[in-house]
1. Within the stretch 90-115, track down each residue that is small (Gly, Ala, Ser) and either in a loop (DSSP other than H, G, I, E, B) or in contact with a helix residue (DSSP H, G or I) (Cβ under 8 Å, 6 or more places away or on another chain) (or both).
2. Considering only the stretch 1-51, state which residues are among the polar types (S, T, N, Q) and part of a helix (DSSP H, G or I).
3. What are the residues in the stretch 142-157 that are surrounded by fewer than 22 Cβ atoms within 10 Å (Cβ to Cβ) and over 14 Å from the mean Cα position of the chain (by Cα), if any?
4. What number of residues in the stretch 277-294 are away from ligand 1 (no atom under 16 Å from the Cβ), part of a helix (DSSP H, G or I) and closer than 24 Å to residue 221 by Cα?
5. Yes or no: residue 161 more than 15 Å from ligand 2 (Cβ to nearest atom), aliphatic (A, V, I, L, M), outside any helix (DSSP H, G or I) and more than 30 Å from residue 41 (Cα to Cα)?
6. Filter the stretch 52-89 down to the residues that are assigned to a helix (DSSP H, G or I), touching a residue at least 40 places away in the same chain (Cβ under 8 Å), within 13 Å of ligand 1 (Cβ to nearest atom) and crowded, with 20+ Cβ neighbours inside 10 Å and list them by number.
7. Can you list the helices (runs of 4 or more DSSP H) lying wholly within the stretch 194-266 that have 1 or more residues being within 25 Å of residue 116 (Cα to Cα), open to solvent by less than 10 Å² (accessible area, probe 1.4 Å) and away from ligand 1 (no atom under 12 Å from the Cβ)?
8. Among the residues in the stretch 123-133, are any under 21 Å from the mean Cα position of the chain (by Cα), touching a residue at least 40 places away in the same chain (Cβ under 8 Å) and at negative phi?
Amino acid sequence: MPTVTIDTDALYQRVDSVIPRIEWATMEDDIAAIWRLKEERNAVILAHNYQTPEIFHGVADIVGDSLALAREAERADADVIVLAGVHFMAETAKLLNPEKTVLVPDLRAGCSLAESITAADVRQLKADNPGVPVVTYVNTSAAVKAESDICCTSGNAKAVIESLGTDRVIMIPDEHLAANIARDCGVEVITWPGRCEVHDRFTAADIEQVRRDHEGVLVMAHPECPPDVVAASDMAGSTAQMLAHVAQQRPKRVALITECSMSDNIAAEIRDVEMIRPCNLCPHMKRNSLANIRAALEGMQHEVRIDPEVADRARTAVDRMLAIA
Ligand code: 13P
Ligand code: SF4
C-alpha cells in the first residue's frame, strides 16, 4: 500500500497567521492521517469556502463556492468524494457522479433554506402559477430540484434568469436572494418564505456601525442577506466572487457580511488586506471537523444516496444550470 508522508510544517505556513502553533500541534495527527487515507481510498476532499482554515487550507483538494464545487465534482478524477460543506452540496456532487461514492462527515449538516421547502410545495406553486418557469437555488434537496426547470447559485442567478428570456419566474426558496436578483434583473419574481438563518441576522445598522468604526472599509455582502443590507453594502456576490474581488483589487480593509470562516480563509492567504469580522457562524457548516473527515475516510461513512428516478430529474435541472457559462 503506498503511503504518503505529508509535510505538516509546510502546510502550517499557509495558516500561521490564523491558527496558533500550539493549536496546530493538536491537529497534525488528523491532518497526516487524512492525507494518507485520501491516497489509500483514491479520494478527494471538496471544501466549501465556509470551512475552517485547517480544513480549507490543511486537507482540501478543491475549494470554492457552491457553483465551483458542483463544476469540480463533475470533473473529479477519484473513486470517492468527501464533501466538507453541507448536505445539499454533497447531493449535488452525487447527482453529477452517480457512479462515485460521495461521503459527508456528518449527516446532520443541513441548511435552513433546504429545510424550508418540500417537493409537494413546489408542485403546489407550479399548479398556482401554470407556465411560469421554476428557478431553484441549489440550497435545496434533490427532491425539490427534481420539480424544477433549472437550478441557480448566488454566483449565476442573474445569468440563469436572463437565459430564460421571461419577465416572470418562480424563484425558490430564498426570499432575500429572490428580491435581490429581481431588482438586478427587472423581472417579476414569485418566491417562497425561506431564509438563510446566518445571513438573515445581519442588519443595515450593522453595516453603518462597521463604516463608523473602520474608515474607508469596503463592505461586501452575500445576496442571501436582506435587501436593505445588500443596498447598504458596496457590492454583493457569492463567496467565490467576494474572494476574487479581494484577491484582485487588494482593498486596504474589507468587511465580508457573511459566514465567519470566509474572512479567516482569506486572511490566511492574503495578508496585506485587513479583514474586519462582523460575521455570523453557520452551525451546519461547523459540524465538519478534521476528526469526522478522518472518520468518514476510515469507515467510508456517511454515504449520500438518492433515489435514481428523483436523481435523473434533479440532474436535468443542475445540468441546465451548468450549461450556462
Ligand atoms: P455560495 O454559493 O456563495 O458559496 O453560498 C453558499 C451558501 O450556503 C451561502 O450561505
Ligand atoms: Fe444554509 Fe445559510 Fe448555512 Fe449557507 S450559511 S449552508 S445558506 S444555513
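1. 93, 109, 110, 112, 114 - these are the residues of the stretch 90-115 that are small (Gly, Ala, Ser) and either in a loop (DSSP other than H, G, I, E, B) or in contact with a helix residue (DSSP H, G or I) (Cβ under 8 Å, 6 or more places away or on another chain) (or both).
2. Answer for the stretch 1-51, where residues must be among the polar types (S, T, N, Q) and part of a helix (DSSP H, G or I): 8, 13.
3. 143, 149
4. 0
5. no
6. 56, 66, 67, 70, 87, 88, 89
7. 227-232
8. No; the residues of the stretch 123-133 include none that is under 21 Å from the mean Cα position of the chain (by Cα), touching a residue at least 40 places away in the same chain (Cβ under 8 Å) and at negative phi.
The values are calculated or read from the model by the stated rules, or taken from the named source; none is laboratory data. Predicted, not measured: the structure shown is a model, and the values here were computed from it. All Cβ positions, glycine included, derive from the backbone under ideal geometry; neighbour counts span all protein chains shown. Ligands, DNA and RNA are excluded from the accessible area calculation, which covers all protein heavy atoms including side chains. Shrake-Rupley method; radii C 1.70, N 1.55, O 1.52, S 1.80 Å.
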